[in-house]
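The values are calculated or read from the model by the stated rules, or taken from the named source; none is laboratory data. Because the structure is a prediction, the values reported are computed rather than measured. Every residue, glycine among them, receives a Cβ derived from its backbone with ideal geometry; neighbour counts consider all protein chains shown.
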Amino acid sequence: MSTSISDKVIAVKDLFSRREYEEAAKIIILVEYIVNELRSKGNDAEADKIESEISNLKTLVFEKAIEKEIGNAKNLIAKKDSNCVFAILKAEKFAEGINKTPDIEKLKNEAYQIGIESKLAECKNYLTNGNFDGAYKAYKTAEIFGNKIGKDAGGGKFLSEIYTGLCKSEIETAKKDLNDKNINCVEKNFCCREIRRKIRKYHIK
């Protein structure tokens, strides 16, 4: 095994001993990439040697990483901190790396519900400040979180205000561009028509 790989294995063991599981996992992922590169070049013997050295470490590291992220998620959920969503995502990603399915469905539902509420509150705040682009992005994120747990984000009441605000903004920009004889007025007019189409699609009045 090359010195470079040996150094990486040593680094993984050191990070593991210091409970820095995510950093250790990143090195393992890099080593796996190197293994795949070796196989693609026909160096199976060397790839097998490296893989045997790293495989046991991978299971240990990823299991501890899952455990740690689940713990993080629980703490963040208790604080109603929306970062709990990212802790759940990390736990799932590490589990996927070792073909494991952690029993975190209840935790996942709680985390995404907090994420939905946080993003809808963010959406409302953006609307209050007239930031319709920010409101739309926050709403769509809440919608994505809802889809993750098969739940309606319940933010439809914001859509009318978001689309109306976006349309007015595009009209004002188009007027200015028209006065300035700027070709962008055509694009803005098209954008406004698209927004109006969405308003009709979602039956927003």
(request) Go through region 41-61 and give me each residue that's out of contact with any Leu (no Cβ under 9 Å at 6 or more places or on another chain), in contact (Cβ under 8 Å) with a residue 40 or more places away in the chain and closer than 25 Å to Ala91 by Cβ. (result) Ile54, Leu57, Lys58, Leu60
(message) Looking only at region 124-150, filter to residues that are of a type in the set (Val, Ile, Thr) and in a helix (DSSP H, G or I); which one of those is farthest from the chain's Cα centre (by Cα)?
(response) Thr128
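Looking at this structure, is Lys80 in contact (Cβ under 8 Å) with a residue 12 or more places away in the chain and surrounded by fewer than 16 Cβ atoms within 10 Å (Cβ to Cβ)?
Numbers: in contact (Cβ under 8 Å) with a residue 12 or more places away in the chain: yes; surrounded by fewer than 16 Cβ atoms within 10 Å (Cβ to Cβ): yes.
Taking the combined requirement at face value, the residue satisfies it.
Being small (Gly, Ala, Ser), closer than 23 Å to Asn83 by Cβ and at pLDDT 95 or above: is that true of Gly115 here?
On the way: small (Gly, Ala, Ser): yes; closer than 23 Å to Asn83 by Cβ: yes; at pLDDT 95 or above: yes.
Considered against the rule, which asks whether it is small (Gly, Ala, Ser), closer than 23 Å to Asn83 by Cβ and at pLDDT 95 or above, Gly115 comes out as yes.
Surrounded by fewer than 17 Cβ atoms within 10 Å (Cβ to Cβ), among the acidic types (Asp, Glu) and in contact (Cβ under 8 Å) with a residue 24 or more places away in the chain, is that true of Asp133?
On the way: surrounded by fewer than 17 Cβ atoms within 10 Å (Cβ to Cβ): yes; among the acidic types (Asp, Glu): yes; in contact (Cβ under 8 Å) with a residue 24 or more places away in the chain: yes.
Criteria met by Asp133.
For region 64-123: of the residues being among the hydroxyl-bearing types (Ser, Thr, Tyr) and in a helix (DSSP H, G or I), which is nearest to Gly156 (Cα to Cα)?
Here is the first cut: in region 64-123, the residues among the hydroxyl-bearing types (Ser, Thr, Tyr) are 82, 101, 112, 118.
Next, from what is left, pick out any that are in a helix (DSSP H, G or I): 112, 118.
Numbers: Tyr112: 18, Ser118: 15 Å.
For region 64-123, the residue satisfying everything is Ser118.
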(request) Return the only residue of Lys176, Lys181 being at pLDDT below 80, farther than 24 Å from Ile77 by Cβ, over 19 Å from the mean Cα position of the chain (by Cα) and not in a helix (DSSP H, G or I). (result) Lys181
(message) Which of the numbered conditions does Glu143 fail, given that it passes all the others? Conditions: (1) surrounded by fewer than 16 Cβ atoms within 10 Å (Cβ to Cβ); (2) over 25 Å from Ile28 (Cβ atoms); (3) among the charged types (D, E, K, R); (4) modelled with pLDDT under 95.
(response) (1)
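What about Glu96, is it farther than 19 Å from Ile116 by Cα and within 17 Å of the chain's Cα centre (by Cα)?
On the way: farther than 19 Å from Ile116 by Cα: yes; within 17 Å of the chain's Cα centre (by Cα): yes.
Criteria met by Glu96.
Tell me, which residue of region 41-53 that is surrounded by fewer than 20 Cβ atoms within 10 Å (Cβ to Cβ) and not acidic (Asp, Glu) is nearest to Ala25 (Cα to Cα)?
To start, the set of residues in region 41-53 that are surrounded by fewer than 20 Cβ atoms within 10 Å (Cβ to Cβ) comprises 41-49, 51-53.
With the extra rule that they be not acidic (Asp, Glu), the set shrinks to 41-43, 45, 47, 49, 52.
On the way: Lys41: 25, Gly42: 26, Asn43: 24, Ala45: 24, Ala47: 18, Lys49: 19, Ser52: 16 Å.
Top of the filtered list is Ser52.
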(request) Being touching a residue at least 12 places away in the same chain (Cβ under 8 Å) and surrounded by fewer than 17 Cβ atoms within 10 Å (Cβ to Cβ) narrows it down to one of Leu30, Leu15, Leu38, so name that one. (result) Leu30
(message) Here's a check for you: in region 98-116, which residue that is surrounded by 17 or more Cβ atoms within 10 Å (Cβ to Cβ) and of a type in the set (D, E, K, R) is nearest to Phe62 (Cα to Cα)?
(response) Lys108
